[in-house]
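One structure is given below, encoded as structure tokens.
Rule-based calculations on the coordinates, nothing more; no lab input. Everything numeric here is computed off the predicted structure, so don't read it as measured data. Note: ideal-geometry Cβ built from the backbone for every residue, glycine included; neighbour counts use all protein chains shown.
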Amino acid sequence: MSTIRVGIIMGSQSDLPVMKDAANVLKELGVEFELTIVSAHRTPERLMGYAQSAKGKGLKAIIAGAGGAAHLPGMVASMTSLPVIGVPVKSSNSIDGWDSVLSILQMPGGVPVATVALDGAKNAGILAAQIVGAFDEKVGERLDQYKEEMKQKVLDSASNVEELGYEKVLSNK
């Protein structure tokens, strides 16, 4: 069986600048993934094949990014029992991204899609790693370390601001 645990798919290559954030965080956390383009509207047969074969390939979650009408995450979720994480992408034909957000967020009962923020592929990658980490102790430990490092960065920033004093912080715009 494959060691690839997460599928990252997007509607078109123009989504790649956003979706690479999911790949980068999964790589950082040591979670194997695959990345490809699957268009809900232009390649529906490819979408069906991908969604229906994902579980058999050993995937544990699918991250699906799409802009505009953004049907990809919901269509994939309708064809698999794996968790699907939708990433609304602000695209050139989008209405400030709201069309993508609402298309992914407003799924009918029985076809859930976990939805992250507009262009929030990094959080989608973290959520997918958390799904894998719930059953893989090593991934879980790397996530704990990742979150501890985030915490430390905030504490370090707070110390730096406090040491400077608010007058200097406000004057260094």
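Amide H contacts of G86: A64, A114, T115, V116, each under 5 Å away and 5 or more positions distant or on a separate chain (H built 1.01 Å from N in the peptide plane; Pro and chain starts excluded). Straight Cα distances below 28 angstrom link K151 to the lysines K20, K27, K60, K122, K138, K168, K173, with same-chain residues fewer than 8 positions distant left out. Summing Lys and Arg as +1 and Asp and Glu as -1 over all other residues whose Cβ lies under 14 Å from the Cβ of R142 gives a net charge of -4. Computed from Cα atoms, the angle from the helix 16-28 axis to the main principal axis of the chain rounds to 70 degrees. For the residues V111, V18, V132, a GNM of the chain with alpha-carbon springs under 10 Å puts the largest fluctuation on V111. From its DSSP helices (H runs of at least four residues, each -39,500 (n - 2.57)), the chain gives a residue-normalised ellipticity at 222 nm of -15500 deg cm²/dmol. Between the helical axis of 121-133 and the longest alpha-carbon principal axis of the chain there is an angle of about 80 degrees. Rounded to whole numbers, the Karplus 3J(HN,Hα) couplings from phi for the stretch 152-168 are 5, 4, 5, 5, 5, 5, 4, 4, 4, 5, 5, 5, 6, x, 5, 4, 5 Hz, using 6.51 cos²θ - 1.76 cosθ + 1.60 with θ = phi - 60°, and x at Gly and Pro.
Each 5 Å bin from 0 upward holds the following percent of the Cα-Cα pairs of the stretch 10-127: 2, 14, 24, 27, 21, 9, 2, 0.
To test your reading of the geometry: what angle, between 0 and 90 degrees and rounded to tens, separates the Cα axis of helix 44-54 from the longest principal axis of the chain? The answer is roughly 70 degrees. Overall, the chain carries a charge dipole of about 480 debye about its Cα centre when +1 sits on the Cβ of Lys and Arg and -1 on the Cβ of Asp and Glu, all other atoms neutral.
Computed from label points 7 Å out along Cα-Cβ, the spacing between S159 and L105 is 3.9 nm. Check which residues have an amide H placed less than 5 Å from G67's amide H, if you skip close sequence neighbours. Residues meeting the amide H criterion: G11, V89. Sorted into 5 angstrom bins from 0, the C-alpha pair distances of the stretch 1-43 split as 6, 22, 29, 21, 14, 7, 1 percent.
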